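Chemist: This is the structure I have questions about; it appears just below.
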Amino acid sequence: MRKSNRRFIAVLMALALCAGAHAWSYDSETASETQAAQLRFGAEFNKKWHNGLRLGISEDLRFDLYNSAVGPHFRKSYTTLELGYKPIDYLKLDAGYTLRIIGADSTWSAAKKADPNEWIRHRVFLSVTGSYTFDYVKIHLRERVQLDMRTDSVNLLEKNKCNVSLRSRLGAEALIPGKPVKPYLWVELINTLNAPEYQQKNGHQFITDVRTQAGVKWRLTRLSSLDFYYRFTYGYDRDINITKNKGKIQLSEEKCFMHSIGITYNLDW
């Protein structure tokens, strides 16, 4: 090998070593696990028209009864305005906006409680739902693209101001002739679409939530009903902390097992 070639290779190796010396080191902590129990109350009001349009408004209040991280407290409220369109019997389109308010807990400082940017979030979504009925069972598949927008200040290397996710739900509902009740079951997966580079799992987007809900809808009148349900949620979060002066990326994996019992009042006219 020529002397000049040996020098060239030596320079490349030195540059590689220097680059490696300044690269981020990626430290991962053992995943923490929390258990939580929640109580939910909701109300939904829908106005339908004969041309397939529907306008709905809903309110959902959530209270933590038990949380291994913090004590019982008001968790969140979701106020949603939604416009739906059903061009054919087995296809439905929906678009909406949700105002989310996060409840303060014992870990919040007085300054954080006083700043609306810390506890207000905005959400917009667009969904397509296909359904099919055979015999006494109705099945549906819903795909929803969701944008969650933060109003607080964040490090854009660690978190997004706007998180985009895909929610895929598959469900089944039993139709019992002559009875005012409809038992149902559904399963939903929530997948990130734009997680920051350092937050991705093995260089890929990842599933943040797996939700299963079982319940029964009880018809009160021709226009109104109650929905009693139990929901189990497995939540997975990857919290990233980048320390530039030390050249480290600290990953904290968090898992939460949430048990929720809820009741929702529905009025359609």
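Chemist: Please work out which residue is nearest to residue 52 (Cα to Cα), limiting yourself to the stretch 66-81 and to residues that are assigned to a strand (DSSP E or B) and in contact with a Phe, Trp or Tyr (Cβ under 8 Å, 6 or more places away or on another chain). Give the steps one after another, and end with the answer.
Modeler: Within the stretch 66-81, the subset assigned to a strand (DSSP E or B) is 66-67, 73-81.
Okay, now just the ones that are also in contact with a Phe, Trp or Tyr (Cβ under 8 Å, 6 or more places away or on another chain), so 73-75, 80-81.
Details: 73: 40, 74: 37, 75: 35, 80: 20, 81: 17 Å.
Here the residue is 81.
Chemist: Given 44, 59, which one is charged (D, E, K, R), closer than 20 Å to residue 262 by Cα and free of Cβ contacts under 8 Å to residues at least 24 places away in the same chain?
Modeler: Working: 44 fails: free of Cβ contacts under 8 Å to residues at least 24 places away in the same chain.
Just a single option satisfies the conditions, and that option is 59.
Chemist: Quick check on residue 198: is it within 20 Å of residue 254 (Cα to Cα), outside any loop (DSSP other than H, G, I, E, B) and over 15 Å from the mean Cα position of the chain (by Cα)?
Modeler: Details: within 20 Å of residue 254 (Cα to Cα): yes; outside any loop (DSSP other than H, G, I, E, B): yes; over 15 Å from the mean Cα position of the chain (by Cα): yes.
Yes, satisfied.
Chemist: Is it fair to say residue 237 is surrounded by fewer than 17 Cβ atoms within 10 Å (Cβ to Cβ) and within 14 Å of the chain's Cα centre (by Cα)? Give the steps one after another, and end with the answer.
Modeler: On the way: surrounded by fewer than 17 Cβ atoms within 10 Å (Cβ to Cβ): yes; within 14 Å of the chain's Cα centre (by Cα): yes.
Spelling it out, residue 237 is indeed surrounded by fewer than 17 Cβ atoms within 10 Å (Cβ to Cβ) and within 14 Å of the chain's Cα centre (by Cα).
Chemist: Can you name the residue in the stretch 240-269 that is in a strand (DSSP E or B) and aromatic (Phe, Trp, Tyr) and is also farthest from the chain's Cα centre (by Cα) among such residues?
Modeler: 265
Since every read-out is calculated from the coordinates, none of them should be taken as a lab result. Predicted model, so just to flag it, every value in this text is computed and none were measured. Ideal geometry is used to build each Cβ from the backbone, glycine not excepted, and the neighbour counts take in all protein chains shown.
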